[in-house]
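Asks: The following block contains the structure, expressed as structure tokens.
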Amino acid sequence: MRHLAKRSVRLAGHATSIALEPEFWAVIEGEAARRGIALAALIAEQDEARSPAGEPLASRLRVFALRIAAGG
């Protein structure tokens, strides 16, 4: 079983913790670096893009990372 890695960020002025597998964090951190933005800024961008139906942020970030890894 893979252990989740937690990161703490502030979103809309509130502290939150996100737990993802290290492989997902590696892709997300790499994308933030490629764009020249802070990890928190990239996470905030994805948070704002979530569906109004309440898509979990961790799920949104996993799908985001998979799309990047797939080249899209």
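Any read-out appearing in this document is the output of simple, stated calculations on the displayed coordinates, not a laboratory observation. Quick caveat, the model's predicted, so the values are computed rather than measured. Don't worry about glycine lacking a Cβ; one is built from the backbone with ideal geometry, like all the others, and counts go over all protein chains shown.
Asks: Exactly one of these conditions fails for LEU42: (1) part of a loop (DSSP other than H, G, I, E, B); (2) in contact with a helix residue (DSSP H, G or I) (Cβ under 6 Å, 6 or more places away or on another chain). Give me its number.
Replies: (1)
Asks: Restricting to segment 3-25, name every residue that is farther than 24 Å from ALA70 by Cβ and not in a strand (DSSP E or B).
Replies: Once the filter is applied, which keeps residues that are farther than 24 Å from ALA70 by Cβ and not in a strand (DSSP E or B), segment 3-25 yields HIS3, ALA12, GLY13.
Asks: For segment 24-43, which positions are under 17 Å from LYS6 (Cβ atoms) and touching a residue at least 12 places away in the same chain (Cβ under 8 Å)?
Replies: PHE24, TRP25, VAL27, ILE28, LEU39, ALA40, LEU42, ILE43
Asks: Can you tell me which residue is surrounded by the most Cβ atoms within 10 Å (Cβ to Cβ) among those in segment 31-53 that are over 13 Å from VAL63 (Cα atoms) and within 11 Å of the chain's Cα centre (by Cα)?
Replies: Result: LEU42.
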